Amino acid sequence: MQGIMESIQTLCSGDHGNEGFMQDDEDEEEENGVGRLTSWAELLGFGLAVFSEAIAPQLQCFCDRTLGFAVGQGGSREAWIKAVAMAMSLVRKAVKKGWVGALAPAARVMSQALSTASEPITLDIPVPFKAHKVETPSVTVETSAQELTNFFKTMFIMRRMEIAADSLYKSKFIRGFCHLYDGQEAVCVGMEAALNDKDCIITAYRDHCTHLGRGGSVLEVFAELMGRKDGCSLGKGGSMHMYNKKGGFYGGNGIVGAQTPLGAGLAFAQKYLKVEGVTLAMYGDGAANQGQLFEAMNISALWNLPVIYVCENNHYGMGTAEWRSAKSPEYYKRGDYIPGLKVDGMDCLAVKQAVKYAKEYALQNGPMVLEMDTYRYHGHSMSDPGSTYRTRDEISGVRQERDPIERIRKLLLSNNIATVAELKTMEKEAKKEVEDALSKAKESPSPDSDELFTHVYRKGYGAKAYGADRKEVVVKLP
């Protein structure tokens, strides 16, 4: 709080009054204590004026500088509005009733509002990196309250989405294959924290959350899973073929390991077009022995392509443990002449730090391998109970000790970024978002029959599709 106050005093250059901000309680007794104030700038000015009058009269000038300070701090206006409304309510109650003790929580809420955005927080990663032919990144990582809060919200939405997909599959709304990602959310969320819109991702078939991380929506995922028109692949791809070219996400690929040479091709295009971006070619430990992976690594190393090979090692390729399928399960070393890092894939901050480091390396020197030590809670797919080749105690042990959402929850609480009640509110909002998206997805229609013939051949080539009787059933494709 002291540092925030010093920043405010630096902004202040004279005496400014706050007449006109204070209103009678009778005029303001509306929802959330906001009253008739509708403009978010008005709300900020009023709340901070009340706060400064109650706590520190010498800071009244700050109410005139609210908007500029808010923008400068980079905070979301939703966070500001909520925090200021809470602080305003507490301060007004204290002033009216003479409850001096209520001013302390008001001060805490306001200090959170001012620090929510971009004030740096420095933390140490608990599990150190392991390196192959390269120096390890620093275990000290810089984050912010806003970033940690976003980590929590995004991962919780992902978790609820996958749990809902489980129910949809069991209710036969989803047909065919369905591979869930719950447990591995930190890999997706941590990667995105180090990437931008110039970077590309291509992955295998456990891809629902990857689509979400690349800017897709929960509605698009659910609709695609159920084969509906509003799906990200227009309802024609299903669980294994999420796709978002605008977001730099090139699928969802159903053939084990086949996405890795495609990833090398994307990186070649980036280098050829002089795009300052990298491609993350993701695969699991079950695909780590595929010959096409090593062919892709070879050509990308020869040509110094900006590609990062990300092995999501959840320790079981379908139902086969890594030690039964790989002579050397140290996958970060399997690139041989390509440097690699082993990363705690259950820690968002560790993933963020490793991907940031690998991106800088790849843009200058060529490929790198990242092995993400992670874990899936579900079986390989919905047809796999996931408990015949591992014990329930093993699964519950990982949940208790390494769960990525619980790790972020602890950081938010220990750094006084959020309270237990505030986290519960975030969880309720996330559940509602998922439920609303699911309802809309169920209402989405099936694709039009004409869609059967689109995205098969390039338009204008005069190609024809034939039925069983080539003389009678002929359709000329557009």
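Before moving on, here are some points about what is shown:
- Positive dipole terminus of the stretch 121-447, leading residue within Thr203, Ser171, Tyr181 (C-beta point charges): Ser171
- Under the combined filter of DSSP loop state and at most 11 neighbouring Cβ atoms within 10 Å, the stretch 145-179 retains these trypsin sites (Lys or Arg not before Pro): Lys172.
- Its residue count N sets the reference 2.2 N^0.38 Å, and the alpha-carbon radius of gyration of the stretch 121-447 equals 0.95 times that reference.
- Greater than 23 Å apart at Cα, pairs in Lys246/Lys342; Lys153/Lys229; Lys327/Lys352; Lys246/Lys359; Lys170/Lys432: Lys246/Lys342; Lys153/Lys229; Lys327/Lys352
- Label-to-label distance, Trp323 versus Ser383, with points set 7 angstrom from Cα along the beta-carbon direction: 2.9 nm.
- Length available on full extension from Ser449 to Asp336: 0.36 nm per residue minus the Cα-Cα distance, which gives 35.7 nm.
- Candidate cross-link partners of Lys476 among the lysines, defined by an alpha-carbon separation under 18 Å and a same-chain spacing of 8 or more, comprise Lys459, Lys464.
Read the figures in this text as sums done on the coordinates, not as results from a lab. From a predicted model like this one, the values you see are computed outputs, not experimental measurements. For neighbour counting, all protein chains shown are included, and Cβ atoms are generated from backbone atoms with ideal geometry for every residue, glycine included.
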